[in-house]
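Enquirer: Here it is, the structure in full.
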Amino acid sequence: MEKTLDFKPKFLSAMKNYDRKTFMADLMAGVIVGIVALPLAIAFGIASGVSPEKGIITAIVAGLMISLFGGSKVQIGGPTGAFIVIVYGIIQQYGMQGLTVATLMAGVFLIGLGVLRLGTIIKYIPYPIVVGFTSGIAVTIFTTQIKDLLGMSMASVPSDFIEKWIAYVSNIANIDAWSALVGIASVMIIAIMPRFSKKVPGSLVAIIIMTIAALLLKEYAGVTSIETIGDRFSINSQLPGAEVPALSWETIKGLVGPAVTIAVLGAIESLLSATVADGVIGDHHNSNTELIGQGIANIASPIFGGIPATGAIARTMTNINNGGRTPVAGIIHAIVLLLIFLFLMPLAQYIPMACLAGVLVVVAYGMSGWRSFLAMARRNPKSDVTVLLLTFSLTIIFDLTVAIEFGLICACLLFMRRMAETTDVHAVLNEIDLNQDADMERGNLEHLTIPKDVEVYEINGPYFFGAGNRFEDIMARYGRRPKVRIIRMRKVPFIDSTGMHNLENMCLMSQKEGITVVLSGVNPKVESVLKRNNFELLLGEENICNHIDLALARAREIVEEK
């Protein structure tokens, strides 16, 4: 079973030598992270198009599951800014029921990725794609918060990115000065708070100050234009019961795309967060276990009314910086949020919407990674820059589903291109330098002369897609028709079905032209593939040689015979 299932939660290994000192460190970190997570959970929930308590429920349920079953010691899970765009879009198109089903499906997909041991592969998605859609998400989040940040009076906000900005410009006269003041002041408080204390979260300080300020303005100055959470939502502090939605084949088929997007985005963000955490604490996470843990969390969260969740880099780093070293800190963070939810949730109705918008504007700025974006645009090859800009543009102009799909296709195409570029095919003219060869019996000779009417080609690298076409191009440039064509394969580690097809076609075409093909330096692994494809019948067993000495000797025999 161990060979097929790589599921070893870090919580179990952490408990083996757990002591009081470690618990006290985890307790302090868990309490602080719980307090930090509170405003973010509320803000992410509202921005995603759901009620504020659903954001906290997600942080509680998913955060608990990720800590119990994940593959990282210090990962803190919950709702994140990356999911805002995709969750909002799913709710608009399919409703809350559709989001629940899509999240459940994403959880199953994540577990499947972990069971199939694809955790390490996810990490190899090209960096330009990750930066492109992360920056695109940040711009989209910022765009969605303009109305609340400035307190604009608008009948409705268009869903399209460009139309949204046109609507903002058209309604610029409808800005509420008090709401704008609250929003901008919130951004400033969060920005300057680290100068005074890095442990006290600026978002929480901003929410407390701005909520008190809004209450005082309403009570003593008669300012009623500052919209609060209570004006838009009815706050419910009761834990919902578990409820599995009704599933139908038609619903499942329609939600495969959004579910795959949630799964891929969750996998990338959680593994990126875990990798960053490894570098700080000097540990190594288990990527397959982490994916299974994320899958369990995304199955549990929607059953209790939550939204998609993943590992959160900012909260994970807060956990590490405050002493958290085991999953117990993440469990305590979930318990702290649960207690706040049960006993203090009604107070959330007084939080100004402009203040939450300010929190998300700062989150968007942190996500944007604009320095990395500009550095990559200036210093990288044109192909990488093109992928970066296209992924970024697709994310903000269309949606994240399109960007993720395009990104995955680009990842595959870039990988194929890079792999194809690793294989070199070239012609060897006149002499073979023995000092550079390891597949021949050289004796006292320093070089071998290539006989007349014999061509020698060398393949350096895996023989698969692309190599066959390169062979045809270089043979066309060589220009003449020899009697023997030697193909040196000493540096070919493997050959795939495409390579076999190309090699077979080349041999058949050569035979039609009266050219005998001789293979040289074939390693045992490649030779076994050739035998399975009956290549010795096509070429003749005597024309598949172990090294170049034998191949040249065989070529001389053939030339003399012809």
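Enquirer: Might you work out the accessible area of residue 392 for me, using a 1.4 Å probe with all protein chains in place, and round it to the nearest 10 Å²?
Expert: Rounded to the nearest 10, the figure is 40 Å².
Enquirer: Now for a different question. Kindly provide the helix-only [θ] at 222 nm of the chain, computed as the sum of -39,500 (n - 2.57) over DSSP H runs of four or more divided by all residues, to the nearest 500 deg cm²/dmol?
Expert: Only helices count here, giving -20500 deg cm²/dmol.
Enquirer: With the other protein chains left in place, how much accessible area per residue, in square angstrom, belongs to segment 1-86 at a 1.4 angstrom probe?
Expert: Per residue, segment 1-86 has an accessible area of 38 Å².
Enquirer: Taking Cα atoms of segment 219-368, Rg/Rh with Kirkwood Rh, to two decimals?
Expert: Taking Rg over the Kirkwood Rh, I get 1.01.
Enquirer: Let me ask you something else. For segment 1-72, what value does the Rg/Rh ratio take when both radii are computed over Cα atoms and Rh is the Kirkwood radius, given to two decimals?
Expert: Radius of gyration over Kirkwood radius for segment 1-72 works out to 1.10.
Enquirer: Rounded to a whole number of µm²/s, how large is the Stokes-Einstein D of segment 1-141 at 10 °C and 1.306 mPa s, given Rh as the Kirkwood radius over C-alpha pairs?
Expert: Value of D from the Cα-based Kirkwood radius: 92 µm²/s.
Enquirer: A follow-up question, please. Give the relative contact order (percent, whole number) for the chain; include only Cα pairs under 8 Å separated by 6+ residues.
Expert: After rounding, I find 23 percent.
Enquirer: So for 249, 370, what's the accessible-area order with a 1.4 Å probe, most first?
Expert: Result of the area sort, largest leading: 249, 370.
Enquirer: When the scattering of segment 191-269 is computed by the Debye formula from its Cα atoms alone, each counted once and equally, what is log10 I(q)/I(0) at q = 0.21, 0.25 Å⁻¹?
Expert: So the normalised log intensities are -1.02, -1.11.
Enquirer: Using only the alpha-carbon atoms, how far is helix 256-281 inclined from the longest principal axis of the chain? Give it as 0 to 90 degrees, nearest 10.
Expert: The angle comes out near 90 degrees.
Enquirer: Give me the log10 of I(q) over I(0) for segment 296-415 at q = 0.19 Å⁻¹, as the Debye formula computes it from C-alpha points; what are the numbers?
Expert: Computed log10 I(q)/I(0) values: -1.27.
Enquirer: Would you work out if segment 157-197 is rounded, prolate or oblate? Take a ≥ b ≥ c from the square roots of the eigenvalues of the alpha-carbon gyration tensor; rounded if a/c is under 1.5, else prolate when a/b is larger than b/c, oblate otherwise.
Expert: Here segment 157-197 falls in the oblate category.
Enquirer: Angle, helix 84-115 long axis vs. longest principal axis of the chain, Cα atoms, 0 to 90°, nearest 10?
Expert: The helix 84-115 is inclined about 50 degrees to the chain.
Enquirer: In addition: With 25 Å as the limit, write out which pairs from 16/73; 147/198; 21/198 have Cα-Cα distances beyond it, or answer none.
Expert: 147/198
Enquirer: State the Cα centre-to-centre distance between segment 129-152 and segment 231-249 in whole Å.
Expert: 27
Enquirer: Name the residue from 540, 185, 310 whose Cα lies farthest towards the positive end of the charge dipole of the chain, charges +1 on Cβ of Lys and Arg and -1 on Cβ of Asp and Glu.
Expert: Toward the positive end, the furthest listed residue is 185.
Enquirer: Now a separate question. Per q in 0.11, 0.14, 0.16, 0.18 Å⁻¹, report the Debye log10 I(q)/I(0) for segment 280-363, using one uniform scatterer on each alpha carbon and no solvent.
Expert: -0.43, -0.71, -0.92, -1.13
Enquirer: Quick one: give the max-minus-min coordinate of the C-alpha atoms of segment 14-54 along each principal axis, largest first, in Å.
Expert: Ordered largest first, segment 14-54 gives principal extents of 43, 18, 11 Å.
Enquirer: Normalised by the residues of segment 162-312, what does the relative contact order come to in percent, with Cα pairs under 8 Å and at least six apart?
Expert: 19
Enquirer: Further question: Could you give me the percent of Cα pairs per 5 Å distance bin for segment 90-149, shortest bin first, beginning at zero and ending with the bin that holds the maximum distance?
Expert: 4, 14, 11, 14, 23, 19, 10, 3, 1
Enquirer: Find the eigenvalues of the gyration tensor of the Cα atoms of segment 234-282, then list the square roots of 5 times those eigenvalues as equivalent ellipsoid semi-axes, largest first, in whole angstrom.
Expert: 31, 22, 9
Enquirer: I've got another one for you. How big is Rg to Rh over the chain, alpha-carbon atoms, Rh as the Kirkwood inverse-mean-distance radius?
Expert: 1.14
Enquirer: With a bin width of 10 angstrom, please list the P(r) values of segment 73-221 as percents of all Cα-Cα pairs, from the 0 bin to the one holding the largest distance.
Expert: Binned Cα distances yield the sequence 9, 23, 33, 24, 9, 2, 0.
Enquirer: For segment 128-192, what are the per-bin percents of Cα-Cα distances with bins 10 Å wide, up to the bin holding the maximum?
Expert: Pair shares across the bins are 20, 43, 30, 7, 0.
Enquirer: Have a look at segment 160-229 and give its Rg and Dmax from the Cα atoms, expressed in angstrom.
Expert: Answer for segment 160-229, Rg first and Dmax second: 15.0, 41 Å.
Enquirer: Using the heavy atoms of the protein chains alone and a 1.4 angstrom probe, what is the accessible area of segment 249-361 per residue in square angstrom?
Expert: For segment 249-361, the solvent-accessible area averages 30 Å² per residue.
Enquirer: Based on the Cα atoms of segment 159-291, what semi-axes does the equivalent ellipsoid have, where each is the square root of 5 times one gyration tensor eigenvalue, given in whole Å with the largest first?
Expert: Those come to 37, 27, 19 Å.
Enquirer: Put 463, 127 in order of accessible area, largest first, 1.4 Å probe: what do you get?
Expert: Working: 463 0, 127 130 Å².
Result of the area sort, largest leading: 127, 463.
Enquirer: Where does segment 234-316 land on the Kirkwood hydrodynamic radius, alpha-carbon pairs, in angstrom?
Expert: It works out to 14.7 Å.
Enquirer: Dimensions of segment 335-406 along principal axes (Cα, Å, largest first)?
Expert: The Cα atoms of segment 335-406 stretch 55, 26, 25 Å along the principal axes, largest first.
Enquirer: Okay, next question. Where the accessible area of the chain is counted over protein heavy atoms with a 1.4 Å probe, how much of it, in %, is carbon and sulfur? Walk me through the numbers on the way to the answer.
Expert: Working: 16010 of 26210 Å².
Exposed carbon and sulfur together represent 61 percent of the surface.
Enquirer: While we're on this one: Explain nothing, just the number: dipole magnitude of the chain about its Cα centre with +1 on each Lys and Arg Cβ and -1 on each Asp and Glu Cβ, in debye rounded to the nearest 20.
Expert: 1100
Enquirer: Another one. Relative to the longest principal Cα axis of the chain, at what angle does helix 328-343 sit, 0 to 90 degrees, rounded to 10?
Expert: 30
Enquirer: In whole percent, what relative contact order does segment 75-179 give with Cα contacts below 8 Å and a gap of six or more residues?
Expert: Relative contact order of segment 75-179: 25 percent.
The values are calculated or read from the model by the stated rules, or taken from the named source; none is laboratory data. Just so we're clear, the structure is a prediction, and the values are computed from it rather than from any experiment. For neighbour counting, all protein chains shown are included, and Cβ atoms are generated from backbone atoms with ideal geometry for every residue, glycine included. Accessible surface is based on the protein model in full, side chains and every heavy atom, while ligands, DNA and RNA are left aside. Shrake-Rupley method; radii C 1.70, N 1.55, O 1.52, S 1.80 Å.
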